[in-house]
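Read the structure below first, then the notes.
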Amino acid sequence: MPEACILGIETSCDETAAAVVRGGEHLLSNVVSSQIATHRPYGGVVPELASREHLRAIVPVVRQALLEAGQTYESIDAIAVTQGPGLAGALMVGISFAKALAFALGKPLIAVNHLEGHIHAVLLEEKQKGNAHMEFPLLALVVSGGHTHLFLAHQSERGWTYENIGRTRDDAAGEAFDKVAKLLGLGYPGGPMIDALARHGNPKAVRFGPAQIKHRNRGTPREQQTLYDFSFSGIKTAVLRYVELESMRDSIAARRQALDAMDRPSAADLRALCDSKTLDLIASFQRAVVDDLVFKTLAAAREREVRTLLVTGGVAANSELRETFSIEAAKEGLPVFFPSRSLSTDNAAMIATAAWPRYQAKEFAVAEFSAEASLSLR
Ligand code: KG4
Ligand code: ZN
């Protein structure tokens with residue numbers, strides 16, 4: 001009997017995505033419609049616009065995913081959809097569509113946690129490479145525009161279970177990239193721009209001490225404190241202070257204006273608009289964030305005697321983060337895995353893959369399930 005095909009649907013933030021995955025490991029299609037152009041003028045995701053764009057894109061995106069997979073509404077075996085975490089209104093578009101589809105077709109519906117999806121993006125590609133076996137305990141750093149979490153994963157009879165041993169106290173790492181890029185007039189989203197520009201600057205030029213990325217326990221109840229927490233709002237303020245001290249405002253305004261006049265600026269266009277002081281600041285900011293992510297994650301891995309490390313989510317696309325993790329984890333003999341760049345950022349292939357063990361266990365969503373903006377992963 002051919003293995004079951006799952007149609008995955010993802011609308012938690014600013015990508016409308018649908019994908020078909022067979023047997024939890026064969027990627028038949030992966031369609032992502034990005035809303036970057038809609039949100040760019042605002043320098044960040046506008047929730048109401050995101051919901052509206054999902055509503056516009058959902059039908060064509062799902063149709064395209066089925067078409068590319070050589071499937072039809074009738075031939076798929078189940079529908080998986082992101083339940084949360086994410087923007088409530090955005091999640092509801094995908095959930096309403098998936099529910100209606102499941103009801104009309106009489107097919108099972110599976111609710112998936114977006115963060116587990118990011119973890120399964122790595123597993124999907126490793127299975128494709130023939131590396132289906134992962135050693136436990138396993139540590140996953142999920143690092144994106146909305147999340148910076150360390151999950152210790154264990155294997156149990158009912159699949160994987162997760163312990164959240166670290167999280168950001170304020171901004172997510174991707175959010176810090178986006179806010180610093182906005183502050184420096186580099187456009188939106190900031191992560192890919194900073195990634196491309198950082199290699200042209202001196203990462204030691206501006207010193208961001210640990211004080212800027214140290215979290216404070218003040219005000220957090222003891223039971224909510226975890227050992228490996230992150231904090232990225234201080235470094236954003238430190239960048240702002242540097243900009244003021246070095247009188248960089250006028251050159252930033254000029255860059256913003258020049259970029260606004262360009263249709264689709266390339267990394268080279270952007271570089272031409274940055275002086276060496278700006279490039280040094282960008283390189284130093286990226287180095288500080290990367291070092292903090294790498295060294296806290298490796299400390300957690302050591303402490304919890306982790307055997308496998310996964311790094312996933314939008315920021316896992318960052319070149320310096322990948323390189324530093326690869327070098328530092330190798331020194332400790334710890335295998336580290338990343339998704340390819342296209343599966344690092346939001347997609348539905350990861351949702352269809354994470355749904356596979358639930359499909360096999362017949363863990364289907366109840367008809368009343370709804371969007372959970374702050375759904376936690378356990
Ligand atoms: O996983 P994702 O698509 O959406 C969320 O679930 O948040 O992550 C998007 C985030 C954005 O903040 C974006 O700036 C960041 O990932 N990002 C990067 C890179 N590519 C995307 N950050 C650093 N370097 C990159 N190359
Ligand atoms: Zn995500």
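Only the coordinates and a few stated rules stand behind these numbers; no lab work does. Remember, it's a predicted structure, so these values are computed and weren't measured experimentally. We place every Cβ from the backbone using ideal geometry, glycine too, and count neighbours over all the protein chains shown.
Quick notes on this one:
- Inter-part distance, the range 326-360 to the range 1-54, computed on C-alpha centroids, equals 17 Å.
- Amide H to amide H distances under 5 Å link residue 171 with 232, 233, where only residues 5 or more positions off or on other chains count and H is placed in the peptide plane.
- Viscosity 1.306 mPa s, temperature 10 °C, Stokes-Einstein D of the range 315-378 from Kirkwood C-alpha radius, µm²/s: 106 µm²/s
- Rg/Rh for the range 237-307, where both radii come from Cα atoms and Rh is the Kirkwood radius: 1.18
- Long-range amide H partners of residue 80 with built H, under 5 Å: 7, 8, 9, 110
- Taking label positions 7 Å along the Cα-Cβ direction at both residue 200 and residue 75, the computed distance is 4.7 nm, reported to one decimal.
- Rounded to whole Hz, the Karplus (6.51, -1.76, 1.60) HN-Hα couplings of the range 33-48, x for glycine and proline: 9, 8, 9, 3, 4, 5, 8, 3, x, 9, x, x, 6, 9, x, 5
- Local charge for residue 335 was computed over the other residues whose Cβ lies under 11 Å away, with Lys and Arg +1 and Asp and Glu -1, and equals -2.
- For the chain, convex hull volume per residue from C-alpha positions, Å³: 146 Å³
- Helix-derived mean residue ellipticity, 222 nm - over the chain, DSSP H n ≥ 4, -39500 (n - 2.57), to 500: -14000 deg cm²/dmol
- Peptide ranges 254-262, 44-52, 75-83 listed from the most packed, as the mean C-beta count within 10 angstrom indicates: 75-83, 44-52, 254-262
- In order along the range 102-119, the Karplus-derived 3J(HN,Hα) couplings, from 6.51 cos²θ - 1.76 cosθ + 1.60 at θ = phi - 60°, round to 4, 5, 5, 8, x, 10, x, 10, 10, 8, 10, 7, 4, 5, 5, x, 4, 5 Hz, and Gly and Pro are given as x.
- Cα-based equivalent ellipsoid, the range 40-132: semi-axes from gyration tensor eigenvalues, Å: 24, 20, 14
- Couplings 3J(HN,Hα) of the range 348-355, computed from phi: 9, 4, 5, 6, 5, 6, 5, 6 Hz, in residue order, whole Hz [Karplus 6.51 cos²θ - 1.76 cosθ + 1.60, θ = phi - 60°; x for Gly and Pro].
- Mean separation of Cα contacts under 8 Å (6+ apart) over length of the chain, as relative contact order %: 26 percent
- Straight Cα distances below 27 angstrom link residue 99 to the lysines 107, 362, with same-chain residues fewer than 8 positions distant left out.
- Over the range 1-133, relative contact order from alpha-carbon pairs under 8 Å, at least 6 apart, %: 28 percent
- Counting DSSP beta bridges with both ends in the chain, the antiparallel % (nearest 5): 60 percent
- Other-chain or far-sequence residues with amide H under 5 Å of residue 4's (modelled H): 23
- Tail weight of P(r) past 18 Å, computed on alpha-carbon pairs of the range 82-145, percent: 53 percent
- Local electrostatic count at residue 50 - Lys and Arg +1, Asp and Glu -1, tallied over other residues with Cβ under 14 Å: -3
- Taking only alpha carbon atoms, the range 173-334 gives an Rg to Rh ratio of 1.01, where Rh is the Kirkwood radius.
- Using C-alpha pairs under 8 Å with a sequence gap of at least 6, the mean separation divided by the residue count of the range 173-334 gives a relative contact order of 34 percent.
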